[in-house]
1. Mind listing whichever residues of segment 378-394 are surrounded by fewer than 15 Cβ atoms within 10 Å (Cβ to Cβ) and hydroxyl-bearing (Ser, Thr, Tyr)?
2. Which residues, counting only those in segment 202-212, are open to solvent by 100 Å² or more (accessible area, probe 1.4 Å) and either over 12 Å from LEU273 (Cβ atoms) or not in a loop (DSSP other than H, G, I, E, B) (or both)?
3. Please go through (1) at pLDDT below 90; (2) β-branched (Val, Ile, Thr); (3) crowded, with 20+ Cβ neighbours inside 10 Å for THR297 and return the number of the only condition it doesn't satisfy.
4. Taking the conditions exactly as written (open to solvent by 30 Å² or more (accessible area, probe 1.4 Å), more than 30 Å from PRO60 (Cα to Cα) and in contact with a Phe, Trp or Tyr (Cβ under 8 Å, 6 or more places away or on another chain)), does GLY406 satisfy them or not?
5. Please give the number of the condition VAL427 fails out of (1) over 30 Å from MET313 (Cα atoms); (2) within 33 Å of the chain's Cα centre (by Cα).
6. Only one of (1) open to solvent by 80 Å² or more (accessible area, probe 1.4 Å); (2) in contact (Cβ under 8 Å) with a residue 40 or more places away in the chain fails for ARG443. Which number is that?
7. I'd like to check something: does segment 61-70 contain any residue that is part of a strand (DSSP E or B), open to solvent by 20 Å² or more (accessible area, probe 1.4 Å) and among the polar types (S, T, N, Q)?
8. How many of the residues making up segment 439-491 are within 35 Å of the chain's Cα centre (by Cα) and in a loop (DSSP other than H, G, I, E, B)?
Amino acid sequence: MASRTFLCFNHGKFFIPFAATKVIPFSKRPIKNFNFSSVSCSLNTPQPTVEPKSQTDSTPNVVKILKERGLLESITNENLRLVCSDQTAGPLKVYCGFDPTAESLHLGNLLGLIVLSWFQRCGHKAVALIGGATGRIGDPSGKSQERPELDLNALEKNIVGIMEIINKILSKNADLGSEKNSNFVILNNYDWWKEVRLLDFLKQVGRYARVGSMMSKESVKKRLESEQGMSYTEFTYQLLQGYDFLYLFKNEGVNVQIGGSDQWGNITAGTELIRKILQAEGAYGLTFPLLLKSDGTKFGKSEDGAIWLSPSMLSPYKFYQYFFSVPDADVVRFLRILTFLAMEEINELESAMTKPGYVPNTAQQRLAEEITRFVHGEDGLSEALKATEALRPGSETKLDWKTIEGIAEDVPSCSLPYSKVLNLPIVDLSVSSGLFESKSAARRLLKQGGVYLNNKRVGNESKRIEAEDIVGGKVLLLSAGKKNKVVVRIS
């Protein structure tokens, strides 16, 4: 199956080609280890700091909150500011789309979940839309080339993984707002696209799409000016996303679509279709800024790639460490954008950073704790804090082999035979494990007190590995200073 063959014709029906096996509609597919009935249930997780008032009380204006915290880029209509606080109109339904291009969402997607959470906390309803159909094409926004094609099995696996993450995060807000336990739902746009006929789509939707307007979208212009250009398949993406908004507006009562600033063209395509086809008002779009560092570069990438939200793709420990290492120039802004801490507390942290006696990285620690708790829950945060403390050189926390193995994927590691490790000089092991390039470099840092074995400082270079040094008879942890570590597995 190739995403370029999305527009296919079969007995007058607009469909997506699959493998030869029978395809069961996603909404009817039994998926192991995922309880669809729990999509809008409350989880017993601690609530973050900011407690919103109920819808029946004075309704917090979510647009004002987003603006104050740096989470508002543009809105399609200023009336949205008024509608957000109109108690007589009832709660809004707000949706954000997530295409299943990988098994996990990443840090860039997290902003959409945070903004949806703010709407939940202010008494509105969140709709997370999985692009089971549009994911077969790929959004060209912000991309310099066409996305790689996904086969059906990979797509389904991605959908399940993403749904689990969204359910886990949005469930934390499920008992907030006006209608407890029913303030979010997860949908899949393949459920309606599988029934769309090509001729009907062209007649009912395509006739209202102006090619000139579609060509003027920033994402299209950039690609057309590039050497690679843009395929027709990608060109239609904005129309498909626009139809999603129209469908949700008409059939699910969704009023607002949110997305990153690069989604502006796709969002306005939807509001225009609603106005032209349904001749209706009351559909709004809202965008938030892309997550950038103070130097203008994208935040959310590490040396190893994307910052994934799934613990199976990035451990809570490494996720925590990424935020703990945020520069001082960015930490306050990220506290506003990525956490639900009260602005008063954030301002106090910012003020404390400029005063004598401020403990370095206090703000970063709070940021890392809050965002790790939001994504991975209390258990994930506890795991990250335990590993962080245990792996600190000089720590009094006793290491066990499970803790060391838990971070083995996040630090360099090697495997050496027991017979070669036992009685081996620490200097030799430091080189053979890859911690140092030469024995002279190892001796130099050792004399300065910067070499650690299982977090204990090595006092002299004549030290040899003894049986009791091998934690659990399975692993060793070598450290050069605070950051450079290597796990030695004993085979």
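1. Listed by number, the list holds a single entry, SER382.
2. Matches in segment 202-212: LYS203, GLN204, ARG207.
3. (3)
4. yes
5. Exception for VAL427: condition (2).
6. Here ARG443 meets the rest and fails (2).
7. No.
8. So the answer is 6.
The values are calculated or read from the model by the stated rules, or taken from the named source; none is laboratory data. Please read all numbers here as calculations on a predicted model, not as lab measurements. Counting neighbours? That spans all protein chains shown, and the Cβs are built from the backbone with ideal geometry, glycine included. Keep in mind that these areas ignore ligands, DNA and RNA; they rest on the heavy atoms of the full protein, side chains included. Shrake-Rupley method; radii C 1.70, N 1.55, O 1.52, S 1.80 Å.
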